[in-house]
Amino acid sequence: MADHNGICTKEQISAVLTRLAEIRRKIAAACEAADRPADSVRLMAVTKTVDPVLINAAVDEGVTLLGENRVQEFLSKRDAYRPQAEVQFIGHLQTNKVKQIIDKVTLIHSVDSLHLAEAISRAAEAKGIVMPVLLEVNIGGELSKSGAAPDEIPALLKAVQPLAGIRVDGLMTIPPPAADETEQNAVFARMKRLYDRLSQEAPMHVLSMGMSGDYEAAVRNGATVVRIGSALFGPRMYPQTAV
Ligand SMILES: *Cc1c(COP(=O)(O)O)cnc(C)c1O
């Protein structure tokens with residue numbers, strides 16, 4: 001990760017703003033193509049490995065929704081974020097870390113087991129809150145590692161609904177890499193059908209799908225939030241581990 005002292009060049013910041021304008025233009029075009037209002041999709045900036053100075057540059061341009069993957073990294077950076085930033089958790093969440101984030105995020109996108117849902121519900125009840133969550137769907141089957149299988153999702157929804165500290169607001173997916181746009185469309189259309197079907201059993205309003213490589217297809221197929229990292233901030237630089 002870049003250091004936290006705010007050593008980012010003007011060029012890095014202006015590159016982020018240029019990419020942001022391009023992403024917004026493409027989202028608007030995809031909305032138009034799908035006959036959706038432009039404000040029906042929210043852009044989330046995915047922050048892993050990114051210096052808070054660059055994140056704040058995006059927030060200042062109106063990208064007020066941030067997506068966090070790692071509990072420790074989030075806790076070390078959150079004090080540097082602008083106060084108007086809204087943070088949601090999108091990464092794999094271990095049950096023993098739930099307590100550390102429960103009152104610091106507005107939505108958890110990655111619930112894929114009853115075990116995790118129960119831990120979130122208990123932690124939320126202890127804080128006197130109800131935590132909105134999304135059920136994570138492994139829409140591509142074997143190839144992607146996280147999420148519950150599509151045919152397990154209805155039962156998971158039923159099992160989670162009685163938990164007092166949780167409310168299911170929708171679905172999230174990370175699809176396997178697609179060969180082309182036809183494949184992207186097929187996967188996202190399948191997610192949308194599952195979402196529409198489950199919406200009849202529980203009121204849902206969030207369909208979280210689409211990342212840097214496929215967000216236009218996701219928007220055309222009904223995504224309400226797209227999670228974008230590298231297309232906004234540039235390639236991720238992972239710190240080198242000492243040998
Ligand atoms: C990293 C990540 C993203 C963003 O990925 P990009 O391809 O860089 O846009 C979106 N969602 C999740 C869950 C992620 O971990």
Considering the options 123, 94, 153, tell which one lies farthest towards the positive end of the dipole of region 91-160, charges being +1 on Lys and Arg and -1 on Asp and Glu at the Cβ, about the Cα centre.
123
Once you have the Cα-Cα distance between residue 29 and residue 159, take 0.36 nm times their residue separation minus that, and quote the gain in nm to one decimal.
42.9 nm
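Ignoring ligands, DNA and RNA, please state the percent of accessible area on region 10-232 from carbon and sulfur, probe 1.4 Å. Show your work: numbers first, answer last.
Numbers: 5140 of 10130 Å².
Using a 1.4 Å probe with all protein chains present, region 10-232 comes out at 51 percent carbon and sulfur.
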For n ≥ 4 DSSP H runs only, could you compute -39500 (n - 2.57) per run for the chain, divide by its residues and tell me the 222 nm figure to the nearest 500?
-11500 deg cm²/dmol
Dipole magnitude of the chain about its Cα centre (Cβ charges: Lys, Arg +1; Asp, Glu -1), debye to nearest 20:
380 debye
Of the DSSP beta bridges with both residues in the chain, give the percent that are antiparallel, rounding to the nearest 5.
0 percent
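Based on the mean of other beta carbon atoms within 10 Å per residue, what is the order of 17-25, 66-74, 126-134, 52-60, most packed first? Display every interim value, and only then the final one.
Numbers: 17-25: 14.7, 66-74: 18.8, 126-134: 17.1, 52-60: 20.6.
For the peptides 17-25, 66-74, 126-134, 52-60, the packing ranking is 52-60, 66-74, 126-134, 17-25.
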Projected-area average for the chain over all orientations - Cα convex hull basis, square nanometres:
14.0 nm²
Taking 7 Å along the Cα-to-C-beta vector as the label spot, tell me the residue 73-residue 200 distance in nanometres, rounded to one decimal.
4.0 nm
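Using a 1.4 angstrom probe, figure out how much accessible area region 10-232 has per residue, in square angstrom, rounded to the nearest whole.
Working: 10130 Å² over 223 residues.
Heavy-atom accessible area per residue stands at 45 Å².
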Extension gain residue 182-residue 36, at 0.36 nm per residue separation less the Cα-Cα distance, in nm?
50.5 nm
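Out of the trypsin sites (Lys or Arg not before Pro) in region 142-243, which ones are loop residues according to DSSP with at most 13 other C-beta atoms within 10 Å? Please report the intermediate quantities before stating the final value.
Numbers: sites: 145, 158, 167, 190, 192, 193, 197, 220, 227, 236; in loops: 145, 236.
Passing both the DSSP loop test and the Cβ count: 145, 236.
The values are calculated or read from the model by the stated rules, or taken from the named source; none is laboratory data. As the structure is a prediction and not an experimental result, all values here were calculated from the model. Neighbour counts are summed over all protein chains in view; Cβ atoms, including those assigned to glycine, are modelled from backbone coordinates with ideal geometry. Only protein heavy atoms, including side chains, enter the accessible area calculation; ligands, DNA and RNA are left aside. Shrake-Rupley method; radii C 1.70, N 1.55, O 1.52, S 1.80 Å.
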